[in-house]
Amino acid sequence: MRRLTILLTGAQGQIGFELARLLSPYGEVVATDRTTLDLADPDAIVAAVRGARPALVVNAGAYTAVDRAETEAALAHAVNGRAPGIFAEEAKRIGAVLIHFSTDYVFDGTRKAPYPEDAPTAPLNVYGASKLEGERGIAAAGAHAIVLRTSWVYGLRGRNFLLTIRRLAAERDELAIVADQYGVPNWSRTLAEATARIVGAGLPALAARAGLYHLSCTGQASWHDFAQAIVGAAPRPRIIPISTAEYPTPARRPAYGVLATAHFATTFGIVLPDWREALASCLESTAGTA
Ligand SMILES: NC(=O)c1ccc[n+]([C@@H]2O[C@H](COP(=O)([O-])OP(=O)(O)OC[C@H]3O[C@@H](n4cnc5c(N)ncnc54)[C@H](OP(=O)(O)O)[C@@H]3O)[C@@H](O)[C@H]2O)c1
């Protein structure tokens with residue numbers, strides 16, 4: 001029997017890299033990155049989907065440079081805002097299922113309790129606005145699409161908070177880290193494993209569960225908590241708590257971005273571990289395999 005085709009974008013990214021391996025038992029993975037499929041080019045997206053004729057499209061590619069997006073808004077909106085809707089239109093045309101990732105940065109962070117999927121969105125920055133545009137494009141296309149909002153992704157490759165803290169920890173005795181922004185750190189592999197598990201249930205089951213879901217580890221952390229957990233109990237470097245006001249960045253960030261994950265858990269029967277447990281697993285794994 002011919003294996004189904006899975007078109008994957010962002011295959012060199014944190015989540016996409018993990019997915020390229022984890023999705024391969026379920027089909028022939030056509031793994032694309034920015035060199036083979038430019039997500040800012042609508043014609044290239046259409047050609048890629050029509051060429052591969054996938055049964056499943058997994059869009060793990062994105063413009064994720066949150067601060068740079070403030071000055072590259074057009075590019076961020078092309079990649080995060082318009083590309084997802086084009087994938088959804090093309091998926092609908094050929095009866096394919098689409099899996100797409102979005103972010104807690106669609107919210108303004110003024111809540112004090114975990115955000116459910118239907119909480120009002122109000123992005124504070126260009127990146128968040130571009131990702132929200134992407135969600136809306138998918139919804140408008142009416143394809144069988146699973147949109148997974150997640151938060152604070154890290155891993156042992158790429159650019160992320162974990163790797164930045166590890167590098168700075170080797171260089172400095174003290175690190176000043178923001179302690180008044182709360183969210184949930186998520187290891188890219190944990191997210192990719194959950195995504196592969198829902199694919200493993202079969203595409204008809206996935207299509208029947210199309211919708212918007214929050215996918216995240218449990219617990220919550222400030223960036224300060226996360227940094228402290230990364231360096232562990234070592235006396236150096238000291239992790240000094242500071243406020244957002246003391247660490248100005250080009251993009252405003254939500255003060256609170258914890259996502260309520262009950263909808264994903266009840267629909268798919270999957271609950272991710274506490275973020276500290278996932279972090280421990282990540283730190284135990286070796287960079288060579290991650
Ligand atoms: N990172 C987070 O903290 C976070 C939090 C919440 C949600 N998410 C969402 O989760 C998903 C995966 O994120 P991630 O952390 O795995 O991101 P990532 O590591 O930045 O990976 C995204 C990939 O997309 C690629 N890309 C960027 N522009 C492109 C273009 N024009 N054409 C083709 N490829 C392009 C990037 O290539 P280059 O590296 O060459 O730019 C990168 O390999 C995204 O939808 C993101 O919005 C991420």
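The values are calculated or read from the model by the stated rules, or taken from the named source; none is laboratory data. The structure presented is a predicted model; accordingly, all values stated were derived computationally and were not measured. Quick reminder, even Gly has a Cβ in these numbers, built from the backbone with ideal geometry, and neighbours come from all protein chains shown. Ligands, DNA and RNA are excluded from the accessible area calculation, which covers all protein heavy atoms including side chains. Shrake-Rupley method; radii C 1.70, N 1.55, O 1.52, S 1.80 Å.
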Being touching an Asp or Glu at 6+ places or on another chain (Cβ under 7 Å), open to solvent by less than 10 Å² (accessible area, probe 1.4 Å) and assigned to a helix (DSSP H, G or I) narrows it down to one residue among Ala192, Ala196; which is it? Ala192
Per the list (1) over 30 Å from Thr110 (Cα atoms); (2) modelled with pLDDT under 95, residue check on Arg197 breaks on (2)
Residue count, the stretch 241-290, condition hydrophobic (A, V, I, L, M, F, W, C), at pLDDT below 95 and in a loop (DSSP other than H, G, I, E, B), comes to 1
Run Gly158 past the list (1) outside any helix (DSSP H, G or I); (2) of a type in the set (Gly, Ala, Ser); (3) touching a Lys or Arg at 6+ places or on another chain (Cβ under 8 Å) and report the number of the one that doesn't hold. (3)
Count of residues meeting criterion [closer than 22 Å to Ser102 by Cβ and open to solvent by 60 Å² or more (accessible area, probe 1.4 Å)] in the stretch 12-30: 2
Looking only at the stretch 49-76, how many residues end up being of a type outside the set (A, V, I, L, M), open to solvent by 30 Å² or more (accessible area, probe 1.4 Å) and more than 18 Å from the chain's Cα centre (by Cα)? 6
Is it fair to say Ala210 is under 21 Å from Leu23 (Cα atoms) and more than 14 Å from the ligand (Cβ to nearest atom)? yes
So for the stretch 216-223 (the condition being in a helix (DSSP H, G or I), in contact with a strand residue (DSSP E or B) (Cβ under 6 Å, 6 or more places away or on another chain) and open to solvent by 30 Å² or more (accessible area, probe 1.4 Å)), does at least one residue qualify? yes
Check off (1) open to solvent by less than 70 Å² (accessible area, probe 1.4 Å); (2) over 23 Å from Glu18 (Cα atoms) for Gly269 and give me the number that stays unchecked. (2)
Can you pull out every residue in the stretch 149-189 that is polar (S, T, N, Q) and either at pLDDT below 95 or open to solvent by 40 Å² or more (accessible area, probe 1.4 Å) (or both)? Thr164
Looking for something within 13 Å of the ligand (Cβ to nearest atom) and at pLDDT below 95 - is there at least one such residue anywhere in the stretch 97-115? no
Among Ala129, Ala141, which is the only one that is closer than 20 Å to Pro250 by Cβ and either crowded, with 19+ Cβ neighbours inside 10 Å or modelled with pLDDT under 95 (or both)? Ala129
Step by step: first the residues of the stretch 1-10, then only those that are surrounded by fewer than 23 Cβ atoms within 10 Å (Cβ to Cβ) and free of Cβ contacts under 8 Å to residues at least 60 places away in the same chain, then the one that is farthest from the ligand (Cβ to nearest atom). Which residue is that? Met1
